[in-house]
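The values are calculated or read from the model by the stated rules, or taken from the named source; none is laboratory data. No experiment lies behind these values; they were computed from the predicted model shown. No Cβ is skipped: glycine too gets one built from the backbone with ideal geometry, and neighbour counts run over all protein chains shown. Note: areas computed on protein heavy atoms with side chains; ligands, DNA, RNA excluded. Shrake-Rupley method; radii C 1.70, N 1.55, O 1.52, S 1.80 Å.
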There are 2 protein chains.
Amino acid sequence: MNKAHLTFDLEAPGMNTGQLVVPGGADFEAISLPVFSLNKGEGPSLLITGGCHGDELEGPIVAHRLIEWLPAAQTCGRIIILPVLNPLAVRAWSRNTPEDGLNLNRVFPGRADGSVTERIADGVSRLLLQPVDIVFDLHSFGPTWDCAPSSLTHPIANADLMARTFRMAEAFKLPVTLLWESHDTAGMFDTWAQSQGKVFVGTEFGGGSVGSDNLAIYETGVRNALIALGLVDGKAESPTCHQRKPCQTLETLSSDLIKSPARGIFEPRCSVLEEVQKGDLIGVLHSMDSISADLIKFHAPSSSIVYGIRSGLHVDANEALIRLARPLAGC
Amino acid sequence: MNKAHLTFDLEAPGMNTGQLVVPGGADFEAISLPVFSLNKGEGPSLLITGGCHGDELEGPIVAHRLIEWLPAAQTCGRIIILPVLNPLAVRAWSRNTPEDGLNLNRVFPGRADGSVTERIADGVSRLLLQPVDIVFDLHSFGPTWDCAPSSLTHPIANADLMARTFRMAEAFKLPVTLLWESHDTAGMFDTWAQSQGKVFVGTEFGGGSVGSDNLAIYETGVRNALIALGLVDGKAESPTCHQRKPCQTLETLSSDLIKSPARGIFEPRCSVLEEVQKGDLIGVLHSMDSISADLIKFHAPSSSIVYGIRSGLHVDANEALIRLARPLAGC
């Protein structure tokens, strides 16, 4: 069996580019993922990835912008950048890989003899994750949501790793640093990386259309984190978003997700980072079956901050509509 | 053969709601499109439609908001509202109808014995278009574009109808009133309606995620047009967008569309309504094949205003990326 391999030596000093070659299998041919490496010796060792989900293009674009900028900016340490983890999904503008239907962010650490998505995870885990101490994985909420630009982690059982991870997340100085409670973390890239002792920060870079103004915010966030690591020189900036205050530290619980009780056309009635009070009308659902059907109204269950809100679109029963958050206790 | 029919009398005074029933055929069962009618006697007669394309939900939501508001606001004339022209496409969040692959906005006036999309067009043409003088058809640029909120018309050969249509478009007082040169107008709803002597104004309500702030702009635009028609009382407002100046009258030519010469990840480097100078860098294309591949750069071919810009995403060769515009001569 062929195994995944790199076309260049990651340990070589200076800037190198090449490919992570993921071997073919019964389901799909071999694919090559372009990789950038800038090795300036002693210092932190960082992997930056984007394009895990194919409808979240903020990450790949910010990764490419960093690749343009780092050769003149990086002063020490090692940065490896894989702009697109899943080119099959990116080409299809789809969250999952069309060829096997899998979510790359649920199959880590992957399998060398698995389907194409599992083979990608295997190659990334063994060849790019193994040599680094820190990972930034650049996500966004995709085309059907608007969300606050944020760095985040799920809770981590190891208290020391949790503290180091949260400090790293805060260094992005994005509008939100978020602790995200989730019960669906099996096979996630972050869960696997953390089990290997890595500091892993995910970012959620907005959603909706991917525009130049937001891309500038996202790039500033990653640059801030690189400055905090000492990999580049400079002074951190605090970008604001939606004209609201910068740098809030929030927590979102599983119970903070509002879902639709029925199918219909969702109309958002609040905006990202808006502070809502208990009882405020924050969204409505219009029936497509009848003009005279009663509106279904969504009210804020408690005083909250809007972290993510679904775009206006047709939803089925039980689809997620609004994710609320609240200040993290102790911050 | 069953023909399309309404479940209520459009001529009845006052408010009435019901369904436009589009009969079934070999390809799909009968479907019912909810319709609202408010008949206050003498005055202009207007049809408002949304949801022609299933991934443009601004129109259906604004239509529902008008249905909530009009019973207390309309003073004369007749307004018929069909919030969702194509529920099959809306359910699928798809531009075309999944069941027959057709673009509803290319099959007007439709066929009673055609496929489901053609049957919808036939029902709308005969039962809802025929009794009115004016049509507002509420579109947007969909999830992969950002565009300026605008009312528009394609050029119309009949000079009198052209002048009346353009005046009607300007009455929306949206950030842009646009004359759009197009060579792909066969089967469009507007082309058909104009051939029947109707004043038909299309709107393009932004794109990307459908959020509450933009929906307020769009609703204001339609209310302005209703005020201009004398259907409701009030004073027009001029909403701004992206903090830029309100109410520009622009023209976009077929040659104002920039397309991609290759496949790759498009990165927008300009924003909607930005004024760009000849030679300005307004977008780049990143290769997914190699880190060291040269960027493809897009420069403004002349001094222009950005009307629409594609979201960051993977594109194939020949896909549209940026639509520029310029002040309309004589305005």
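Mean-square fluctuations from a GNM of chain B, with a 10 angstrom spring cutoff on Cα atoms, peak among B:Glu267, B:Glu118, B:Glu170 at B:Glu267. Considering protein heavy atoms only and a 1.4 Å probe radius, which residues within segment A:208-226 exhibit an accessible-area decrease of no less than 40 Å² in the full assembly relative to the chain by itself? Residues meeting the cut-off: A:Ser209, A:Val210, A:Ser212.
Let a ≥ b ≥ c be the square roots of the eigenvalues of the Cα gyration tensor of segment A:59-164; is it rounded (a/c under 1.5), or, if not, prolate (a/b larger than b/c) or oblate?
On the way: a/c = 1.31, a/b = 1.22, b/c = 1.07.
Because its axes are fairly even, with a/c under 1.5, segment A:59-164 counts as rounded.
Result for chain B in a Gaussian network model with C-alpha springs under 10 Å: among B:Cys76, B:Cys147, B:Cys52, the largest mean-square fluctuation is at B:Cys76.
A simple spin-label model places the labels of B:Ala236 and B:Ser290 5.5 nm from each other, with each point 7 Å out along Cα-to-Cβ. Helix A:212-228 and the longest principal axis of the C-alpha atoms of chain A enclose an angle of approximately 50°. The accessible-area ordering, largest first, of the residues A:Ile296, A:Ile81 stands as A:Ile296, A:Ile81, per a 1.4 angstrom probe. Within straight-line reach of B:Lys278, meaning a Cα separation under 15 Å, sit the following aspartates and glutamates at least 8 residues removed in sequence or on another chain: B:Asp256. Taking the accessible area of chain A, probe 1.4 Å, and keeping the other protein chains in place, the carbon and sulfur fraction comes to 49%. Using a Gaussian network model of chain B in which every pair of alpha carbons under 10 angstrom is joined by a spring, one finds that among B:Ser209, B:Ser271, B:Ser292 the greatest mean-square fluctuation is at B:Ser292. Taking Cα atoms only, the orientation of helix A:58-73 departs from the longest principal axis of chain A by about 40 degrees. Distances from A:Lys278 to itself in the other copies, using label points 7 Å out along the Cα-Cβ axis, amount to 6.4 nm in increasing order. Simple point charges give the picture: +1 on the Cβ of Lys and Arg, -1 on the Cβ of Asp and Glu, and for the protein assembly as shown a dipole about the Cα centre of about 860 debye. In a reduced charge model with +1 at each Lys and Arg Cβ and -1 at each Asp and Glu Cβ, segment A:103-233 shows a dipole moment near 240 debye about its Cα centre.
Inter-label distance, B:Lys3 to B:Cys247: 4.5 nm, where each label sits 7 Å from its Cα along the C-beta direction. Pairing chain A with chain B buries about 3900 Å² of accessible area. This figure sums both sides and uses a 1.4 Å probe. Inter-part distance, segment B:209-272 to segment B:31-55, computed on C-alpha centroids, equals 22 Å.
Positive end of the charge dipole of chain B (Lys, Arg +1 and Asp, Glu -1 on Cβ, about the Cα centre): tell me which of B:Ile134, B:Val62, B:Pro23 has its Cα farthest that way. The residue sitting farthest along the positive end of the dipole is B:Ile134. Residues of segment A:124-159 buried by at least 10 Å² of accessible area upon assembly of all protein chains, compared with the chain on its own (1.4 Å probe): A:Pro143, A:Thr144, A:Asp146. Put a plus charge on the Cβ of each Lys and Arg, a minus charge on the Cβ of each Asp and Glu, and nothing anywhere else: the dipole of segment B:278-331 about its Cα centre is then about 340 debye. A point 7 Å from Cα along Cα→Cβ stands in for A:Asp9, and the other copies hold the same point at 9.0 nm, listed in rising order.
For segment B:271-310, a drop of 50 Å² or more in accessible area on going from the chain alone to the assembled protein chains (1.4 Å probe) is found at B:His286, B:Met288, B:Ile291. Think of segment A:126-276 as having a plus end and a minus end, set by charges on the Cβ of Lys, Arg, Asp and Glu; of A:Leu250, A:Leu179, A:Phe166, A:Phe166 sits farthest toward the positive end of this dipole. Taken per residue, the accessible surface of segment A:212-331 reaches 42 Å², heavy atoms only and a 1.4 Å probe. Solvent-accessible surface of segment A:1-136, averaged per residue with a 1.4 angstrom probe and all protein chains in place: 34 square angstrom.
Given label points at 7 Å from Cα along Cα→Cβ, what nm distances, shortest first, separate B:Arg326 from the same residue in every other copy? Label-point separations across copies, in nm and ascending: 5.8. Of A:Lys259/B:Lys259; A:Lys3/A:Lys198; A:Lys173/B:Lys297; A:Lys245/B:Lys245; A:Lys40/A:Lys173, which sit over 29 Å apart, Cα to Cα? Table pairs above 29 Å Cα-Cα are A:Lys259/B:Lys259; A:Lys173/B:Lys297. Counting only DSSP H runs of at least 4 residues, each contributing -39500 (n - 2.57), and dividing by the residue count of chain B, the helix-based mean residue ellipticity at 222 nm comes to -6000 deg cm²/dmol. Find the centroid of the Cα atoms in segment B:120-163 and in segment A:64-101, then give the distance between the two in whole Å. Using only Cα atoms, the two centres lie 41 Å from each other. The modelled label-to-label distance for the pair A:Ser94/A:Glu29, using points 7 Å beyond Cα in the direction of Cβ, is 1.8 nm.
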